[in-house]
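Structure, as structure tokens:
No lab work stands behind these numbers, since they all come straight from the coordinates. Computed from a predicted model, the values in this text were never measured in an experiment. Cβ atoms come from the backbone with ideal geometry, glycine included; neighbour counts cover every protein chain shown.
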Amino acid sequence: MARRSGVLKPRGIRLFARALDALIVSSIYFAIQNAYGSPFGEVHIAITAIAILVFHLISEATGLYRSDQRDELRSDVKKILTAWLLVIPALLLSAFLAKKTDELSRVSTSVWFILTPIALIAARVIQRSVLGALRRTGRYQKSTVILGATPLGATLIRQIQSAPWLGLSVRGVYDDRTLERCDPECLSMVELLGGLNRLVEDARRGTIDLVYIALPLRAEPRILRMIDALSDTTASVYLATDFESFDLLHATWSSVGSTPVVSIHETPFYGVDGWLKRLEDLILGSIILAFIAVPMLVIAIAIKCTSRGPVFFRQRRYGLNGEVIYVLKFRTMRVAEDGPDIRQAAEDDPRVTPIGRILRRTSLDELPQFFHVITGTMSIVGPRPHAVAHNEAYRRKIRRYMLRHKVKPGITGWAQVNGWRGETDTLEKMERRIEHDLEYIRNWDLLWDLQIIWKTVFSRSARKNAY
């Protein structure tokens with residue numbers, strides 16, 4: 001078998017990443033303790049060991065050390081933040097049970113909690129940059145071929161060639177079909193190296209590292225035959241399937257017993273991601289509630305003094321999985337509609353009270369919904385909940401409308417910070433809102449939530465069309 005040269009061993013890189021993360025966690029705590037003039041005693045050594053152990057266990061569970069250059073950096077950032085955010089309560093609980101909290105400096109420990117994930121992310125960025133730079137020069141690249149001169153094969157080739165830092169070098173494509181039946185775009189980018197038998201021969205010689213099977217699903221017999229034949233080689237084999245044609249919503253692989261399945265429509269908030277989202281809501285929601293308690297009292301008094309009626313307005317909305325929930329808001333209108341016919345607020349709507357106009361334009365009428373965040377019926381970020389009457393009307397007109405209820409409704413959302421809020425006097429406006437909601441569900445991560453919260457407060461587009 002021919003010798004493969006110039007390929008970085010993934011096992012060595014992952015071992016280095018684990019050791020580097022452990023070094024970062026420990027060295028930062030040690031440096032901070034020294035900077036504050038505190039001795040690094042047995043308690044600090046124990047805390048550091050627990051932190052490293054918990055971080056590595058969670059990182060293994062989330063697949064942080066199984067990822068490589070082909071995964072997005074954003075995915076690694078999310079996994080690092082997830083692991084570290086779960087390390088913090090584990091450390092606090094350990095110190096409490098051991099009755100050692102009085103031996104830990106609140107300042108130095110808090111600084112450690114903040115600086116460590118930043119350093120871990122920075123190290124991952126540098127590691128990727130170094131590997132990417134080496135791979136751009138042609139070193140440490142994996143010999144890659146495509147099985148199937150198909151439109152999907154052309155897409156794979158185009159994406160690999162546009163990202164040299166992935167470390168993949170496409171040698172060509174293999175296909176048994178005649179040139180007339182092959183995808184012309186695919187053949188215009190790489191050479192047709194031969195048929196399926198030739199692929200197996202080349203793989204057996206050890207000159208191929210990766211094989212991407214890009215055949216259509218209807219070619220299952222050929223796919224199975226090729227997988228079986230390639231099992232007699234050391235090439236890594238990947239099955240590329242054009243699942244995008246199924247209009248996926250947060251697709252993930254799982255299994256039913258021993259049968260692997262892929263989700264078509266699913267919530268992103270299962271398992272660790274669900275815990276992270278809930279932790280985000282509890283921590284940020286509690287902090288925000290502490291800051292807005294006095295302003296909410298002032299707003300309540302102002303509403304009561306300027307118009308007749310209750311301070312709060314409750315309306316039925318659809319929550320997670322389409323269940324009906326009651327959403328609390330500051331009353332901004334002279335009416336409290338919650339029936340089968342509800343008219344949306346429009347510009348210069350006479351039903352809106354003078355102070356209600358200010359509250360709606362600044363979104364301060366939404367503040368009571370932070371109580372829903374703490375109780376778990378809503379989230380800080382998510383698709384904005386619509387009145388039940390509007391849901392029933394639009395679900396019949398807009399395809400995939402109800403998929404927005406695969407997650408908890410939010411006080412703010414991706415659609416809102418992009419200006420798609422307020423009156424939907426045309427079907428197109430609601431369609432655009434739903435597109436943004438589904439985009440958020442497909443691509444959710446913690447950093448995006450923080451970005452949306454920031455834009456809600458500081459971006460002008462977040463207040464666009466607020467009547």
Could you list 381, 111, 457 so that the one with the fewest beta carbons within 10 Å of its beta carbon is first and the one with the most is last?
457, 111, 381
Residue order, fewest to most surrounding Cβ atoms within 10 angstrom, among 232, 209:
232, 209
Project the alpha carbons of region 142-241 onto their principal axes and report the range along each, largest first, in whole Å.
31, 31, 22
Going by C-beta contacts inside 10 Å, put 360, 399, 158 in order with the fewest on the left.
399, 158, 360
Write down the Kirkwood hydrodynamic radius of region 346-467, to one decimal in angstroms, obtained as one divided by the mean of 1/r over all alpha carbon pairs.
14.9
Hull shadow area, averaged, region 10-136 [alpha-carbon convex hull, nm²]:
7.9
What order, most packed first, do the peptides 307-314, 58-65 have when packing is the mean number of other Cβ atoms within 10 Å of each residue?
58-65, 307-314
Holding the Cα-Cα limit at 30 Å, pick out from 79/406; 78/329; 277/329; 304/406; 406/429 the pairs that are longer than that.
78/329; 304/406
Note: region 76-200 at 25 °C, 0.890 mPa s; Kirkwood Rh on alpha carbon pairs; Stokes-Einstein D in µm²/s works out to 132
Mind jotting down the distance between the C-alpha centroids of region 352-377 and region 99-128, whole Å?
36
